[in-house]
């Protein structure tokens, strides 16, 4: 029987009137759904954000900046259960892993880490290449895990994860002495919200961090000393689950010290926006979840059409994230980078009208007009993307540092 062991306590102290807590966590999902292209902001609070929501965001940002001192990770959407696996179940999984003929190299690993992927296989652009049934012993665990998750409450989740469809992909990770899995997040577009990991054997440490652009954990003690990184011990037979901000806003890494080799299995279900091969029928989604990404703003499409009329060669560099890009609704990003699957009209013939070419700069300028940040000089955000999406006064210190 699994026992809940979510790192919990009295919460963390911060500079605001009270700590970030479960009440704030219940409000944050609606606030952040628009940020991750789940729903438009106007569908949450209309044009204005109530004061209580702004206060919750400030408390969240403060807790996020001091993650190492957070006693309770539940409001972030991170949960841990001890003894989820039974001994017999773990022995069957270990027997299966011992019979794996050849392990694959872990993507991006430089320390010899190994993995195996079962179920849905995606290419580097996160398009579905193939799908095979999960091995019976892993499928049985995935089905039990899915039933378990449907019985839990997920107050910090951004979507109705209790209605998330069955897991269709299982990553088996193998760690030996001093091997790590660098900071990353499971892609928002391609996978559904709830991500679950089961520790079959061996002790590990999960690092939950407010990090940006970092990958490998080259210096573990130095990483653990950072205020923005929280370490969670993962004992054998345990289960962790990530939803809400732990899933969408924070990154996570895994480190393994010395001793017994560690084997873990990560379960994910395929999101509705993962690209499927031609002819494949889309998987039905619950009514509570959006069926597609938000439509592109009219100004974006107009700008792209005008730019396409200039000539057959698009001078914009390709988006480095390709089909995995989740900023498809960001006007500035669309203006600066080329997206093959964004719905932007393809380049027109070189003999396009001169008038359309002349209209392109004006349309692009209209797209670049950003909404002013409501906090002005008092804005405390550290996210570089925030300063791209919102305009700030020229005297703002963080804007001056970025200039």
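Quickly run through the range 123-138 and pick out the residues that are over 14 Å from residue 268 (Cβ atoms) and outside any loop (DSSP other than H, G, I, E, B).
127, 129, 130, 136, 137
I'd like to verify a number: residues in the range 142-200 that are out of contact with any helix residue (DSSP H, G or I) (no Cβ under 9 Å at 6 or more places or on another chain), at pLDDT 85 or above and surrounded by fewer than 16 Cβ atoms within 10 Å (Cβ to Cβ), how many?
Total satisfying the criteria: 5.
So, in the range 163-174, exactly how many residues are assigned to a strand (DSSP E or B) and farther than 10 Å from residue 270 by Cα?
So the count comes out to 5.
Report, by residue number, each residue of the range 178-211 that is within 12 Å of the chain's Cα centre (by Cα) and over 20 Å from residue 80 (Cα atoms).
Across the range 178-211, the qualifying residues are 187, 188, 189, 190, 191.
Evaluate the following for residue 234: is it without any contact (Cβ under 8 Å) to a residue 60 or more places away in the chain and in the same structural domain as residue 260 (by TED's automatic domain parsing)?
Criteria not met by residue 234.
Can you find even one residue in the range 124-140 that is more than 21 Å from the chain's Cα centre (by Cα), under 21 Å from residue 88 (Cβ atoms), crowded, with 16+ Cβ neighbours inside 10 Å and without any contact (Cβ under 8 Å) to a residue 12 or more places away in the chain?
yes
Would you check if residue 156 is in contact (Cβ under 8 Å) with a residue 12 or more places away in the chain and not in a strand (DSSP E or B)? Give the steps one after another, and end with the answer.
Working: in contact (Cβ under 8 Å) with a residue 12 or more places away in the chain: yes; not in a strand (DSSP E or B): yes.
For residue 156, the condition - in contact (Cβ under 8 Å) with a residue 12 or more places away in the chain and not in a strand (DSSP E or B) - is met.
Identify the single condition in (1) touching a residue at least 60 places away in the same chain (Cβ under 8 Å); (2) closer than 22 Å to residue 238 by Cβ; (3) surrounded by 20 or more Cβ atoms within 10 Å (Cβ to Cβ) that residue 120 does not satisfy, given that it satisfies every other one.
(2)
Against the conditions (1) surrounded by fewer than 22 Cβ atoms within 10 Å (Cβ to Cβ); (2) in a strand (DSSP E or B), where does residue 253 fall short? Just the number, please.
Going through (1) surrounded by fewer than 22 Cβ atoms within 10 Å (Cβ to Cβ); (2) in a strand (DSSP E or B) one by one, residue 253 breaks only (1).
Are any residues in the range 66-91 surrounded by 18 or more Cβ atoms within 10 Å (Cβ to Cβ) and over 28 Å from the mean Cα position of the chain (by Cα), and if so, which ones?
Scanning the range 66-91 gives a single hit, 90.
Kindly provide the set of residues from the range 175-220 that are closer than 11 Å to residue 251 by Cβ, in contact (Cβ under 8 Å) with a residue 40 or more places away in the chain, in a loop (DSSP other than H, G, I, E, B) and touching a strand residue (DSSP E or B) at 6+ places or on another chain (Cβ under 7 Å), ordered by number.
185, 186, 211, 215 - these are the residues of the range 175-220 that are closer than 11 Å to residue 251 by Cβ, in contact (Cβ under 8 Å) with a residue 40 or more places away in the chain, in a loop (DSSP other than H, G, I, E, B) and touching a strand residue (DSSP E or B) at 6+ places or on another chain (Cβ under 7 Å).
All but one of (1) modelled with pLDDT under 95; (2) more than 24 Å from the chain's Cα centre (by Cα); (3) buried (at least 20 other Cβ atoms within 10 Å of the Cβ) hold for residue 63, so report the exception by its number.
(2)
The values are calculated or read from the model by the stated rules, or taken from the named source; none is laboratory data. Values in this document were obtained by computation on a predicted structure and should not be read as measured data. When we count neighbours, we look across all protein chains shown, and the Cβ atoms used for this are built from the backbone with ideal geometry, even at glycine.
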